[in-house]
1. Residues of region 74-85 being under 9 Å from the mean Cα position of the chain (by Cα) and surrounded by fewer than 17 Cβ atoms within 10 Å (Cβ to Cβ), which ones?
2. Looking at the structure I just gave you, is TYR92 assigned to a strand (DSSP E or B) and at pLDDT 95 or above?
3. For region 73-85, name all the residues that are in a loop (DSSP other than H, G, I, E, B) and either farther than 16 Å from THR39 by Cβ or charged (D, E, K, R) (or both).
4. Would you mind finding the one in VAL70, VAL103, VAL88, VAL63 that is under 18 Å from ASP33 (Cβ atoms), over 14 Å from the mean Cα position of the chain (by Cα) and either surrounded by 10 or more Cβ atoms within 10 Å (Cβ to Cβ) or of a type in the set (Val, Ile, Thr) (or both)?
5. So, in region 56-108, of the ones that are in contact with a strand residue (DSSP E or B) (Cβ under 8 Å, 6 or more places away or on another chain) and free of Cβ contacts under 8 Å to residues at least 12 places away in the same chain, which residue ends up farthest from ASP46 (Cα to Cα)?
Amino acid sequence: MKLLSLLFSATAMLLPAASAIAAPTATVATSGDSTQIQTTGNVTFDVDSEEIFDLHGTGTLFVSQRANHVTRTLQAQGSSVIYTVNGVTKPYDDAAKDWLRDVLDSAPTPPPPPPAP
């Protein structure tokens, strides 16, 4: 049985009015395994492209997956992409991109962020 929860977590961003913007988060959990995908700002995805995702402006991406006693994470901000497996930094290579494509292909579509005030 799949347990699906879609959450909004508040992320403070420096805007002229010092407003807080909610970041879409999708979390999927099945039998002890879990996947979390969180974006802030403007992030677009194209799993058929070499880049897979595009961070626009100050957009960020965080992906975490625990499956079969292995934890993988990807953090992207600006031109920096950090990929880890069980806490050890690994190259963001073709194998890492294949993992990310699989995660994104199996994830539900996150809800749109709430409108800005």
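1. Let us first name the residues in region 74-85 that are under 9 Å from the mean Cα position of the chain (by Cα), namely 74-76.
Across region 74-85, the qualifying residue is only GLN75.
2. Details: assigned to a strand (DSSP E or B): no; at pLDDT 95 or above: yes.
Taking the combined requirement at face value, the residue does not satisfy it.
3. Step one: filter region 73-85 for residues in a loop (DSSP other than H, G, I, E, B), giving 78-79.
SER79, the sole residue that qualifies.
4. On the way: VAL103 fails: over 14 Å from the mean Cα position of the chain (by Cα); VAL88 fails: under 18 Å from ASP33 (Cβ atoms); VAL63 fails: over 14 Å from the mean Cα position of the chain (by Cα).
Just one listed residue meets the conditions, VAL70.
5. Initial filter on region 56-108 (in contact with a strand residue (DSSP E or B) (Cβ under 8 Å, 6 or more places away or on another chain)): 56-68, 70-78, 81-87, 89-92, 96-97, 99-101, 103-104, 106-108.
Among the residues that remain, those that are also free of Cβ contacts under 8 Å to residues at least 12 places away in the same chain are: 73, 81-82, 89-91.
On the way: THR73: 19, VAL81: 17, ILE82: 19, THR89: 24, LYS90: 22, PRO91: 21 Å.
Looking at the filtered set, the residue picked out is THR89.
The values are calculated or read from the model by the stated rules, or taken from the named source; none is laboratory data. Because the structure is predicted, anything quoted here is derived from the model rather than measured. A quick note on method: Cβ atoms are made from the backbone with ideal geometry, for glycine too, and the neighbour counts reach across all protein chains shown.
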